[in-house]
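Colleague: One structure coming up, written as structure tokens, with questions to follow.
Every read-out reported here was derived from the displayed coordinates using simple, explicitly stated rules and does not represent laboratory data. Owing to the predicted nature of the structure, the values given are computational and were not obtained by experimental measurement. Cβ coordinates were reconstructed from backbone atoms using ideal geometry, including for glycine residues, and neighbour counts include every protein chain displayed.
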Amino acid sequence: MNQHNVAAAADPVHVVNVTVPASARRPTEMTVERLPFTITIAQNPAELEQAVAVRHGAYARHVPVFAETLQAPELSDFEDGAVVLLASSKADGSPLGTMRIQTNSFKPLDLEDSLALPEWLAGQRLAEAARLGVTNERVGRLVKSMIFKAYFQYCQLHAIEWMVITARAPVDRQYDRLLFDDVYPGLGYIPLHHVNNMPHRVMKFEVGTAQERWAAVNHPMYDFIFRTSHPDIDLGVNSIATGRAIAASHAINMAVPRVQTAQFACA
């Protein structure tokens with residue numbers, strides 16, 4: 001991924017140093033929370049352009065030179081096995097946040113252009129999150145948290161075994177708090193081609209053990225992910241069909257109006 005990764009979704013998360021076995025947690029009823037925005041998969045060129053506008057504006061605040069390369073959709077946005085998430089305001093439809101999720105169902109992850117994954121991991125079902133960005137709206141932190149939840153739920157829906165991300169310092173500490181760990185312990189930060197050769201750690205997270213591991217440390221993510229329902233996250237569109245449809249439409253209609261990118265905060 002890049003320095004604007006899902007790690008930022010962990011801003012309010014702090015691991016509690018108390019071990020509570022999963023079996024000791026009392027079951028509770030699911031809480032339903034409504035949001036002032038929706039999170040969906042971009043389904044047409046206009047929605048993709050909205051996501052790209054947020055992406056570019058977020059990166060421009062911190063890495064303006066690299067951001068210049070992100071003013072248009074990337075090839076990875078259209079590939080089979082990839083989707084672009086879009087958070088949109090319910091009030092006026094304006095874009096609030098975005099993330100690209102790429103699986104290895106059809107090709108290796110983008111990060112594998114720079115680093116070969118261990119054979120045991122490369123053979124698993126993986127999903128890399130990249131290009132996270134949010135606007136500078138007051139709900140920005142909430143949007144980031146919800147985009148992370150959407151990423152996690154997407155992995156569950158598509159039987160993804162491992163979430164894989166890349167993170168620069170100090171964003172990587174947020175991943176640490178989420179209980180991600182290094183793909184190669186001790187390797188540290190390495191330049192990655194798909195993030196302009198900026199040094200990042202490459203980190204992983206096992207989806208199937210998340211509930212047990214978060215419960216064991218009383219992690220806030222446990223209730224947020226497993227005890228709270230957010231109906232405004234809608235990931236019902238098939239990723240392959242969506243990517244192909246956007247690519248076809250984009251090839252026909254390249255004159256989609258740009259969304260203003262001023263006053264965006266990066267993830």
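Colleague: Report the extension gain between Arg61 and Tyr184 in nm, rounded to one decimal, defined as 0.36 nm multiplied by the number of residues separating them, less their alpha carbon distance.
Modeller: Contour length minus the Cα-Cα distance gives 41.2 nm.
Colleague: What's the exposure ranking of Ile39, Ile160, going from fewest to most Cβ atoms within 10 Å?
Modeller: Ile160, Ile39
Colleague: Order of 228-236, 207-215, 82-90, 170-178 by packing, highest average Cβ count within 10 Å first?
Modeller: 82-90, 170-178, 207-215, 228-236
Colleague: Order these by the 10 Å Cβ neighbour count, fewest first: Glu68, Glu79.
Modeller: Glu68, Glu79
Colleague: In addition: Tell me, what HN-Hα J-couplings in whole Hz come from the Karplus equation 6.51 cos²θ - 1.76 cosθ + 1.60 at θ = phi - 60° for each residue of the range 81-95, using x for Gly and Pro?
Modeller: x, 10, 9, 10, 7, 9, 9, 10, 5, 6, 5, 9, x, 5, x
Colleague: What's the exposure ranking of Leu48, Leu179, going from fewest to most Cβ atoms within 10 Å?
Modeller: Ascending Cβ contact count within 10 Å gives the list Leu179, Leu48.
Colleague: If a/c stays under 1.5 just call it rounded; otherwise compare a/b with b/c (prolate if a/b is bigger, oblate if not). Do that for the range 133-198, with a ≥ b ≥ c from the square roots of the Cα gyration tensor eigenvalues.
Modeller: oblate
Colleague: Does the range 101-251 come out rounded, prolate or oblate, given a ≥ b ≥ c as the square roots of the eigenvalues of its C-alpha gyration tensor, rounded meaning a/c under 1.5 and, failing that, prolate meaning a/b above b/c?
Modeller: The shape class here is rounded.
Colleague: If the reach is capped at under 26 angstrom between alpha carbons, list the lysines near Lys144, excluding any in the same chain fewer than eight residues apart.
Modeller: Straight-distance partners of Lys144: Lys90, Lys204.
Colleague: Now a separate question. Put a dot 7 Å past each Cα toward the Cβ at Glu206 and Phe226; how far apart are the dots in nm?
Modeller: Result for the modelled spin labels: 1.4 nm.
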